[in-house]
Amino acid sequence: MTSHHPIAIIGGGPAGALAASLLAAAGRDVSVFDEKLAWEKPCGGGLTWKALQQYPFLAEAGAQSKSVEHCELISSCGQRVRLRLQHPVAVFSRLALNGLLLERARSAGANVYRERVTSIGGSAGDWRLATPHGEYSASHLVIAAGARNPFRGQFAAPISPHDLMATAGYFIPVHTALMQIQFLSGISGYIWVFPRPDHVSAGIAGKMGETSTRALRHLLEQWLDQNGFSLDGATFYSHILPSLRAQTMEALEVSGDGWAMVGDSAGLVDPITGEGLYYALRSAELCAEALVAERPQDYKQRLEEEVLPELRLAARVCDRFYRGQVFGDSVPERMVALTAQSDKFRELMSDLFAGIQGYRDLKARLFRILPTVMAEGLATTLFRPLRSGSLAPTTSAE
Ligand SMILES: Cc1cc2nc3c(=O)[nH]c(=O)nc-3n(C[C@H](O)[C@H](O)[C@H](O)COP(=O)(O)OP(=O)(O)OC[C@H]3O[C@@H](n4cnc5c(N)ncnc54)[C@H](O)[C@@H]3O)c2cc1C
């Protein structure tokens, strides 16, 4: 027997669950299918201040996240600087975040099924979804199945391994208040330590093909050991992360007749930072608004206006960020040094972490603050007290 669902959402992660709650709240008959429902998806779980402003119910769920105000940046040469974030980052366990979003979908009236969709047949207006429990039909599909989206090739050009990052990490049962980011030489990615309410998510990401997941894991384990993290009781994780190249981003297909893709399924992740949660939520919201207005074609247009220009620019500069040189140093090396030397540059870094400094107006801001940053850098180098017995200046930028 086939049961009919006007709107079927495949995947109940942040993108699928938010789309379901918004559609149900607007009176739509919507069903969301997730093979696991709420689970500890491999993730840092960091949500920017911008995301918390856009989705205040996440800011209000304070007890389920850890508010992080201090971040340590470490360059590949080992220079460390601590930065106070003017707008804290909220770090969620994904079990808690997904659970909260799915509960909102249920309370708004969405049907939530713990079922794996194994195939999609039919066409717009009469899609046929098969799960191990039965068959469902739907008029419209929202595909929110994440980075391993098995249906992508059926609807749009498949994502190549060159458009992915490999990640490896550990959930470690320790408490810390400090977020850490370690840049790495020869790897287009970084190591992170994100404090959560009762553990930390520590991980490493690098462009697929640049190095193997095994090598990344080894690098991470070495770093954790050197930085005082024991892996006793820790759980290993590994996953993929979309990191689209500029040419893929240019030709991105996110919707068609009777279907739309949102979040990681669509490849909507910042290729430089790996931030995907905000884009998962925002793309779901734009998609839901278009469906509620009965103008599904508006989804693509709203993404084109608001989200894609930012992600496209990030894709264009990603290689230069990780592999380019500024005054003889790598960009992350120079960035860490400027963060240590200049208040003005620290403000900029804090706004980048908050998600309120976009890429499109970054160049203009850099030119505006350049004279102050240079003067502060010079003054710090010349007048900072020397460490005893050393010619190297000390660095504390909190
Ligand atoms: C290691 C790592 C660290 C990250 N850290 C951060 C971070 O700190 N901050 C940030 O903003 N982003 C981070 N990201 C990115 C972030 O995790 C993703 O962008 C985000 O989870 C995307 O949400 P989504 O709903 O699109 O997909 P997902 O969260 O992947 O959800 C997809 C859902 O679909 C379900 N599903 C898949 N196939 C089927 C099927 N056939 N039938 C039924 N259900 C199905 C899955 O069970 C899953 O629940 C990280 C990613 C990785 C890999």
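Values for this structure:
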quantity	calculated
Surrounding net charge for ASP126, when Lys and Arg each add one and Asp and Glu each subtract one, Cβ distance under 13 Å	-1
Set of aspartates and glutamates with alpha-carbon distance to LYS66 below 12 Å, sequence-local pairs under 8 removed	ASP198
The range 135-165 versus the range 287-327: alpha-carbon centroid distance in Å	18
Given 16 as the ceiling on other Cβ atoms within 10 Å, longest exposed-site-free region of the chain for chymotrypsin sites (Phe, Trp or Tyr not before Pro) in DSSP loops	40-326
Folded to 0 to 90 degrees: helix 343-354 orientation relative to the chain principal axis, Cα	20
Label-to-label distance, nm, for residues given as SER230 and LEU95 (7 Å Cα→Cβ offset)	2.2
Dipole in debye (nearest 20) - the chain, about Cα centre, beta carbon charges: Lys, Arg +1; Asp, Glu -1	700
Dipole magnitude of the range 161-242 about its Cα centre (Cβ charges: Lys, Arg +1; Asp, Glu -1), debye to nearest 20	100
Added length on full extension, which subtracts the Cα-Cα distance from 0.36 nm per residue, HIS218 to GLN325	35.8 nm
Cβ-based charge dipole, the range 161-242, positive-most Cα from TRP192, PRO161, GLY228	PRO161
Qualifying aspartates and glutamates (Cα of each under 15 Å from Cα of LYS36; at least 8 residues distant if same chain)	GLU103, GLU115
Length released on extending from ALA375 to ASP126, taking residue separation times 0.36 nm less the Cα-Cα span	83.2 nm
Whole-Å distance, taken between Cα centres, linking the range 116-133 and the range 49-71	36
Crossing angle, helix 94-108 versus the chain [Cα axis fit, 0-90 degrees, rounded to tens]	40
Dipole of the range 58-180 [Lys/Arg +1, Asp/Glu -1 at C-beta], most positive-end residue of LEU85, ASN149, VAL112	LEU85
Charge sum, other residues only, whose C-beta stays under 14 Å from VAL32's C-beta, Lys/Arg counted +1 and Asp/Glu -1	+1
Candidate aspartates and glutamates - alpha carbon under 17 Å from LYS363, same-chain residues fewer than 8 apart omitted	GLU310, ASP319, GLU347, ASP351
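Every number in this text was worked out from the coordinates using simple rules, so none of it is lab data. It should be emphasised that the depicted structure is a prediction, and the values quoted were computed from it without experimental measurement. Cβ sites come from the backbone with ideal geometry, for glycine too, and all protein chains shown count toward neighbours.
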